[in-house]
1. Report, by residue number, each residue of segment 196-205 that is in a helix (DSSP H, G or I) and within 17 Å of residue 25 (Cα to Cα).
2. Given the condition aliphatic (A, V, I, L, M) and more than 23 Å from residue 80 (Cα to Cα), answer yes or no: does some residue in segment 145-153 qualify?
3. Among the residues of segment 73-83, which ones are under 17 Å from the mean Cα position of the chain (by Cα) and not in a helix (DSSP H, G or I)?
4. Select from segment 4-53 the residues that are surrounded by fewer than 14 Cβ atoms within 10 Å (Cβ to Cβ), touching a residue at least 40 places away in the same chain (Cβ under 8 Å) and of a type in the set (A, V, I, L, M, F, W, C) and list them in ascending order.
5. Quick one: would you say residue 182 is at pLDDT below 75, over 21 Å from residue 41 (Cβ atoms), charged (D, E, K, R) and not in a loop (DSSP other than H, G, I, E, B)?
6. Between residues in segment 115-132 that are closer than 17 Å to residue 65 by Cβ and residues that are of a type in the set (Asp, Glu) and surrounded by fewer than 19 Cβ atoms within 10 Å (Cβ to Cβ), which pairs lie under 7 Å by C-beta distance while being six or more apart or on different chains?
7. When residues of segment 17-72 are filtered for being at pLDDT 95 or above and part of a loop (DSSP other than H, G, I, E, B), how many remain?
8. Quick one: how many residues across segment 17-67 are more than 23 Å from residue 94 (Cβ to Cβ), of a type in the set (Ser, Thr, Tyr) and touching a helix residue (DSSP H, G or I) at 6+ places or on another chain (Cβ under 8 Å)?
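The values are calculated or read from the model by the stated rules, or taken from the named source; none is laboratory data. Note that the coordinates shown come from a computational prediction; the quantities given were computed from them, not determined experimentally. Every residue, glycine as well, gets a Cβ built from its backbone with ideal geometry; the counts of neighbours run over all protein chains shown.
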Amino acid sequence: MPLTFDDLLTRARALTRPGRRALLGITGSPGAGKTTLAEHLAQALNSGGDPWVAHVPMDGFHLADIELDRLGRRGRKGAPDTFDAAGYAALLRRLRSPESDGEVVYAPGFERVLEQPIAGAIPVPPTARLVVTEGNYLLLGTGAWVRVRAQLDEVWFCEPDEEERVRRLVARHEEFGKGHEEAVAWALGSDQRNAELVAATRERADLVVGGVVERPDGDRTPTSWA
């Protein structure tokens, strides 16, 4: 039977244990719907009581454009070596460390209009017992990315229909300022190379989630944006 959204909520809740913070990773290719799924999970789990789930995207660890220019990598922005993977792994390690109990941990965010990381944009309060983090390379088995997977209790892989994934990706690029031809070129060029790299990590996931999750009552939760 296909997974329902309530199945995912139950599985996420089951990750938590008394006395420790759990970390759930959501991965998939660009445009797969990682961010929307993470946001839906956090919103649903936090409803009806004190917030206990935090959403911390990987995108805050993009290297700034000025550094990408220095390294000669700006034309490949979004590739694994255009992120601070070691910094991301260190944040995840801090989030799950008992030493962080009782203090707010600040994570960087990512401003899509500016396409730049923003330091200290996401507060993770001591009351957060589950952190949902999402990004392309959580299951990558090279470099500092190996340290990322080691900090996560589970990793779910988003896998929508491929044609739909590319359509969403082009639409997102257009929404944030690219012309149609530029958006298509980026989605089928740099983004596609990254997507193929991410797709090769699918077998390492604990769970594969399709592009649309249905509730038992028939409502559908689309995972529309990566």
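1. Within segment 196-205, the first condition is being in a helix (DSSP H, G or I), and the residues that meet it are 196-199, 202-204.
Within segment 196-205, 198, 199, 202, 203, 204 qualify.
2. As a first pass, look at segment 145-153 and keep what is aliphatic (A, V, I, L, M): 146, 148, 150, 152.
Retained after the next criterion (residues that are more than 23 Å from residue 80 (Cα to Cα)): none.
Scanning segment 145-153 turns up no residue that is aliphatic (A, V, I, L, M) and more than 23 Å from residue 80 (Cα to Cα).
3. Pass one, segment 73-83, residues under 17 Å from the mean Cα position of the chain (by Cα): 77-83.
Correct list: 77, 78, 79, 83.
4. If the condition is that a residue be surrounded by fewer than 14 Cβ atoms within 10 Å (Cβ to Cβ), touching a residue at least 40 places away in the same chain (Cβ under 8 Å) and of a type in the set (A, V, I, L, M, F, W, C), then no residue fits.
5. On the way: at pLDDT below 75: yes; over 21 Å from residue 41 (Cβ atoms): yes; charged (D, E, K, R): yes; not in a loop (DSSP other than H, G, I, E, B): yes.
Criteria met by residue 182.
6. That search, which allows pairs on different chains as well, returns 116/65; 118/111.
7. 6
8. Within segment 17-67, residues that are more than 23 Å from residue 94 (Cβ to Cβ), of a type in the set (Ser, Thr, Tyr) and touching a helix residue (DSSP H, G or I) at 6+ places or on another chain (Cβ under 8 Å) number 1.
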